[in-house]
1. Could you please let me know if residue 102 is part of a strand (DSSP E or B), within 14 Å of the chain's Cα centre (by Cα) and modelled with pLDDT of 95 or more?
2. Any idea how many residues of the stretch 11-30 are of a type outside the set (Ser, Thr, Tyr) and modelled with pLDDT of 95 or more?
3. Consider the stretch 79-94. How many of its residues are in a helix (DSSP H, G or I) and either open to solvent by less than 80 Å² (accessible area, probe 1.4 Å) or more than 30 Å from residue 29 (Cα to Cα) (or both)?
4. Go through (1) open to solvent by less than 70 Å² (accessible area, probe 1.4 Å); (2) closer than 21 Å to residue 95 by Cα; (3) more than 12 Å from the chain's Cα centre (by Cα); (4) of a type in the set (D, E, K, R) one by one and return the number of the condition residue 51 breaks.
5. Look through the stretch 54-77, keep the residues that are open to solvent by 80 Å² or more (accessible area, probe 1.4 Å) and either assigned to a loop (DSSP other than H, G, I, E, B) or among the acidic types (Asp, Glu) (or both), and return whichever of them is nearest to residue 8 (Cα to Cα).
6. Checking residue 27 against (1) open to solvent by 70 Å² or more (accessible area, probe 1.4 Å); (2) assigned to a helix (DSSP H, G or I): exactly one of these is not met. Which one?
7. Give me the pairs: first residue in the stretch 25-41 and touching a residue at least 12 places away in the same chain (Cβ under 8 Å) and more than 15 Å from residue 90 (Cβ to Cβ), second residue charged (D, E, K, R) and part of a helix (DSSP H, G or I), beta-carbon distance under 8 Å, and six or more apart or on different chains, which are they?
8. Does residue 13 qualify as being among the acidic types (Asp, Glu), free of Cβ contacts under 8 Å to residues at least 40 places away in the same chain and open to solvent by 70 Å² or more (accessible area, probe 1.4 Å)?
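The values are calculated or read from the model by the stated rules, or taken from the named source; none is laboratory data. What you see is a predicted model; the values in this text were computed from it and never measured. Every residue, glycine as well, gets a Cβ built from its backbone with ideal geometry; the counts of neighbours run over all protein chains shown. Each accessible area value is taken on the protein alone, full model and side chains, heavy atoms only, with ligands, DNA and RNA left out. Shrake-Rupley method; radii C 1.70, N 1.55, O 1.52, S 1.80 Å.
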Amino acid sequence: MNVFTALQLIHIDHADLNQRTVIITDEGGKPDSVLSGLLSDVLTNIAIFADIKKANSPLGLIDQLRSCTPLPADVLDEYQKLLEQEIAGVNFAAHKGIVELVYKPLI
């Protein structure tokens, strides 16, 4: 599973995940501030300019953003890499009120 698939599948109270309800962590639960910040940026732009339900792939979502935002190509490339990032699991941190996408460590 990758970040894109998780974002499409996971909902809280029937609402999509947003920049306040999801972060990216390592297997020990330590947040990755760089990836989480990028994910927050991606989710903010999706909420404004795109519809994740209409996208069939990370590239489809990036194409939606490309067609209606002035974001530079290098930024959209980073968004696509993040959306394609494989995750090892999902942790629902109820006490924090967030969903943690646990990324797979590089081997």
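1. yes
2. 3
3. Residues that pass the stated criteria total 4.
4. The one condition residue 51 does not meet is (2).
5. 56
6. Residue 27 satisfies every listed condition except (2).
7. That search, which allows pairs on different chains as well, returns 38/78.
8. Values: among the acidic types (Asp, Glu): yes; free of Cβ contacts under 8 Å to residues at least 40 places away in the same chain: yes; open to solvent by 70 Å² or more (accessible area, probe 1.4 Å): yes.
Criteria met by residue 13.
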